[in-house]
Amino acid sequence: MNIHDRIEHIILREKLSIAAFERMIDVGRNSLSTSLRKKSAISHEVITKIFEHFPRYSLDWMFFGNKKPEDIEIEKLSAEIISIIKRWRDLSNKNI
């Protein structure tokens, strides 16, 4: 899986057409679709905009495929749950 495949994965997972995805991340019409179709270079501006709009897909995964988006989402949710539990314990200790 290369960067083009991973971007196509994001588009499919978000249930968007390529045109809708381009509009959402505010890039020129057909700029991304042409790069995906020709497997040509994708600018860092496009990658940055994808990450800004879809931060659950890490840059590490987009560039290198190091972690699955699902794994990253699970890690973020786990960290959030742990944070909530700690805050709850702190509040509970103050009320004793």
Show me, for the stretch 37-50, the HN-Hα J-couplings you get by feeding each phi into the Karplus relation (A = 6.51, B = -1.76, C = 1.60, θ = phi - 60°), rounded to Hz, glycine and proline as x. 5, 8, 6, 8, 4, 10, 5, 5, 5, 5, 4, 4, 5, 4
Of the listed values [x] 143; [y] 124; [z] 113, identify the label whose number matches volume of the Cα convex hull per residue in Å³ calculated from this model. [z]
Count, lysine Cα pairs under 19 Å in the chain, 8 or more residues apart or across chains: 7
Formal net charge of residues neighbouring Lys49 (Cβ-Cβ distance under 10 Å; K, R +1; D, E -1): -4
Assigned charges on the beta-carbon of Lys, Arg, Asp, Glu; the chain dipole about Cα centre (debye): 100 debye
Counting other beta carbons within 10 Å of each Cβ, put Met1, Met62 in order, fewest first. Met1, Met62
So if I take the centroid of the Cα atoms in the stretch 12-32 and the same for the stretch 42-69, what is the distance between those two points in Å? 14 Å
Charge dipole of the stretch 3-94 about the Cα centre (unit charges at C-beta), most positive-ward option of Ser35, Leu91, Phe21: Leu91
Along the stretch 86-92, what does the Karplus equation 6.51 cos²θ - 1.76 cosθ + 1.60 (θ = phi - 60°) give for ³J(HN,Hα), rounded to whole Hz, x for Gly and Pro? 4, 5, 4, 5, 4, 5, 5
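Each reported figure results from applying straightforward, stated rules to the coordinates on display, with no laboratory input. Note that this is a predicted model, so its numbers are computed, not measured. Ideal geometry is used to build each Cβ from the backbone, glycine not excepted, and the neighbour counts take in all protein chains shown.
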